[in-house]
Structures are given as C-alpha cells and as structure tokens.
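The structure appears right after this line, and notes come after that.
The values are calculated or read from the model by the stated rules, or taken from the named source; none is laboratory data. This one's a predicted model, so the numbers in the text were calculated from it and none came from an experiment. Every residue, glycine among them, receives a Cβ derived from its backbone with ideal geometry; neighbour counts consider all protein chains shown.
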C-alpha cells in the first residue's frame, strides 16, 4: 500500500522514539551506552557576535534541516530573544544519518516531526541549555546531568580532548565544533540528533513517574488449551491478530513454539489500535514501520515475554520487583488490591486484564497496552 509521507515519518518516530527506550526508567540499565559513529564535519564556522544563534545557524549553510525545524515549531522568535542560550546543533549530515539508520527518506522523517509540533518542540528544546556555556564550562560539567529547555536532562562525558553527550536513550553524541559566537549565546556542534525528549516527560524522573493508561475494553476472555503453544493459543483467540502477525514477521513463532516455558504478556488488538490512535496515524503505518525494522520489533516483542511459567499468583508475589524479560531488559510489577499492572521502561503503567491462559509451553496474561522499553543492543 502507498503510505502518506507525513504518516510514514511519524510512524518511524513512533517506532524509534515512542515504543523504545534504553532503560531510562530502570536503574539497572542506566549504565548502558550506545556510542554513535562520528558524522564527518566538512567545515567549521565562527559565527558572529552581532547575530543570534538562529541567524548564525542559518548563515552557516550546514544546518538547513535544524533551521527548517526551528521555523516549523515556531522557535525562531524564542531563540532570537535575549537568552542567553547554549545550542547543541546537529548538522544536516546528522539528520541524514538518522534517516539512513531508520531506512527512510529524510523528508519523511522531517514531515513526521513537523506534523507533531509538540514532539518536535520538545526535541528541539532538548538541544538547548539556558545560559552561555563555553566549551570550558561544558568540560567542567563532566559526569553531571544538565537540564535543557525541554525540562529534561542529559549527561556530559569528557574523555581527554573528546567531549560527548549521553542523552535520554543512553546514546553518546560527539561534540565536533565549539564556541561558535552569537549575540545571545553560543553554539556547539554535535554529530547526532540527541534523543530523549517526549512531550510532558521529565526523563530524570522516569523511574518514579507513573503514567497510567486508560483500560481498553476487553470484550472476551479465553481459556487457552493445555495442548496448544502460547502462539497457537493467541492465534486461536481471535483478539490477538496484530500480535501474531508481528511474531510471524520477525520469525518468533518457532521460538515461542519451543519447549519454553514462556510467560507472555499479550497486548490485544485494541491495545495496538489505541497506540496508533494516540499517535494520530493509521495502524497499518505503525505496523509496517515496525516490520521494516526487524531488530527493533524483535526486542519490542521479547520485552513482553518472561522466561518460566509464572501464574497470576506468581506475578502478584513479585509486587514491587523488577522482572527480566527475554529482551534482556526489565519492567516492574505493581499490585494494588485486586489490580495488577506492569510499569515499563517509560514509567507507563499497563493493566493486566486477563490471567492464567493455559498453554502447553507456558502461560499467557493479557495486557491493555504494548509495553515500552526495549531497544536493540541496549542490554
């Protein structure tokens, strides 16, 4: 099917930013780091003390994407104010590299961002720190968390002469040019787009922040069959067509049809539909984007599977504890009276709405939302 540019771009962003994390909500994973490859910087620029940070970027010629996005989000006026502002500016090549990593045209990624102004605004402000921080000031912040204008934080890392930023996805981005003068601040150039900003999220509080999802109506329960695998049970139920389709797409049917045992926390079809609705995109766009990124999709699905055969009673006994999944990452069980939920890597609380569905190689518990938290190679 032919997908619209805007929806495809937003679906990519949904897959890469909204359905994944490198453990920002879990203390265990906080030390995991994915270092980006340096993007070549073909030229440096000195800036001008009589120009604002925005005017400097526009004049440089190598930040056309960034300046376009600033205009789209209505941030040109803000960043042309008195400030002062310290801008960590990704080059055009940095945005191009991101699009290449996602396997989609740059224009689709940009249109997806532009179509979601709240997300775009937070993403851009995540690159701006209040004040006028010189390179020396930044180096002096080695190991410290720095709050940006998105109200979130990232960490400065210094290794000899190399300075980098560890963002909310535990990704290291290199600072490749520094101390570009401006009338209302300073610009430092980075070789990658910093990740970590989501509207309304404060990443530093991810471990303690709880976002409870609205329960999605689950019209029927199913008992499963002791002679069927967890995959066969899901396929037979009729309300997990999306989940079974995704399992087939990444070749996990054979894995989860093995001896196991496996405990599967299975999102319903309505759960996936709700995510697409929240993002304002067709479900098919979201699914096609996930399917196109097999490594990402595999980790997302395995984040819903726990080794062993954990009955509802076993899960309840884990109240407050972190449980490791087959993705190698963890989420937390929460019990409140008769209500059982899972707090995932984003601090989102997902409700368990059906339990103890029997299978020959494990058990299934039904959840009303896909979990967020898995990212390839983030173990």
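Here is the figure for region 244-257: residues that are under 19 Å from residue 273 (Cβ atoms) and in contact (Cβ under 8 Å) with a residue 40 or more places away in the chain total 4.
Highlighted here are the helices (runs of 4 or more DSSP H) found entirely within region 106-182 that include at least 3 residues which are in the same structural domain as residue 73 (by TED's automatic domain parsing), touching a residue at least 40 places away in the same chain (Cβ under 8 Å) and more than 27 Å from residue 81 (Cβ to Cβ): 106-115. Only helices (runs of 4 or more DSSP H) whose full extent lies in region 193-288 are considered here, and the ones with at least 1 residues that are modelled with pLDDT of 90 or more, surrounded by fewer than 19 Cβ atoms within 10 Å (Cβ to Cβ) and within 26 Å of the chain's Cα centre (by Cα) are 241-249, 252-255, 269-279.
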